[in-house]
1. Go through segment 88-109 and give me each residue that's buried (at least 18 other Cβ atoms within 10 Å of the Cβ) and assigned to a helix (DSSP H, G or I).
2. Conditions first: (1) in contact (Cβ under 8 Å) with a residue 24 or more places away in the chain; (2) loosely packed, with under 14 Cβ neighbours inside 10 Å. Met157 passes all but one, so which condition is the exception?
3. Pick from segment 7-29 the residues that are surrounded by fewer than 22 Cβ atoms within 10 Å (Cβ to Cβ) and under 15 Å from Gly151 (Cα atoms): which of them is nearest to the chain's Cα centre (by Cα)?
4. Residues in segment 54-68: is at least one of a type outside the set (Phe, Trp, Tyr), in contact with a helix residue (DSSP H, G or I) (Cβ under 7 Å, 6 or more places away or on another chain), surrounded by fewer than 16 Cβ atoms within 10 Å (Cβ to Cβ) and at pLDDT below 90?
5. If only one of Ser55, Ser34, Ser80, Ser68 is farther than 25 Å from Met109 by Cα and of a type outside the set (Phe, Trp, Tyr), which one is it?
6. Select the helices (runs of 4 or more DSSP H) contained entirely in segment 121-227, then report the ones holding at least 1 residues which are touching a Cys at 6+ places or on another chain (Cβ under 7 Å).
Amino acid sequence: MRKFLAVKAVPFVAWSSPKPLTFKPRLFTLFVLSVGLIIFGIGEALLIKAGLGVSPWTVLAQGISLQSGIGIGWSTLSVSLLVLLLWIPLKQIPGLGTILNAILIAAAMDFSLDYLPIATSLFGQFALTVAGILAVGFGSGMYLVAHLGAGPRDGLMTGLQRLTDFPIAWVRLSIECTVVALGWLLGGSVGVGTVLFAVGIGPAVSIGLYCVGALSGVSSIAQHAGK
């Protein structure tokens, strides 16, 4: 487990794009990116079906909405734009993955919500929450290894990791806990699922990156695990 949680960088594998800012990626790279984002979206839908609380970033958007009077949609957009501005000092480069992040995740969420089960017990709610966190983590691992550009929040995570040289799991944990704390202080609604996501998504993404790297034949996972 220590090896999984010690990942310090997104692995670069044979099918990774040599640079994120390209609009002519290899088809297999684009395929893996798309599958990863779809899995990510299904994971988000599982969290919704669990009904134990919204994600930390939604809590922050709720808090900003309550304090500013703007709608939750505009608040969410404002948060995303602010995070993208933070990319500038972190020298993060957007790409096709940054654009597809918003499109495919939303599409996968909308489509899968009609087919996923609704939890009818507390155990079922926890099971769907855990499944959702793991799906988001693995989906993140798949699409990030494509190296075609991250979504706003994942880009913040990888940028801060490069700046601090801390393991990705702990960088993401710190981001999510900070975000949920700020959202709660602003009046956002925090549920059990929110806390589970904040604590679990960092390790889940780290495990996802490790597994995708290992399955893709990275010669030295230790290199990416900070060993």
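The values are calculated or read from the model by the stated rules, or taken from the named source; none is laboratory data. The structure displayed is predicted, hence computed values, not measured ones. Note that we place each Cβ from the backbone using ideal geometry, even for glycine, and neighbour counts take in every protein chain shown.
1. Leu96, Gly97, Thr98, Leu100, Asn101, Leu104, Ile105, Ala108, Met109
2. The failed condition is (2).
3. Result: Pro20.
4. no
5. So the residue among Ser55, Ser34, Ser80, Ser68 that is farther than 25 Å from Met109 by Cα and of a type outside the set (Phe, Trp, Tyr) is Ser68.
6. 122-145, 192-215
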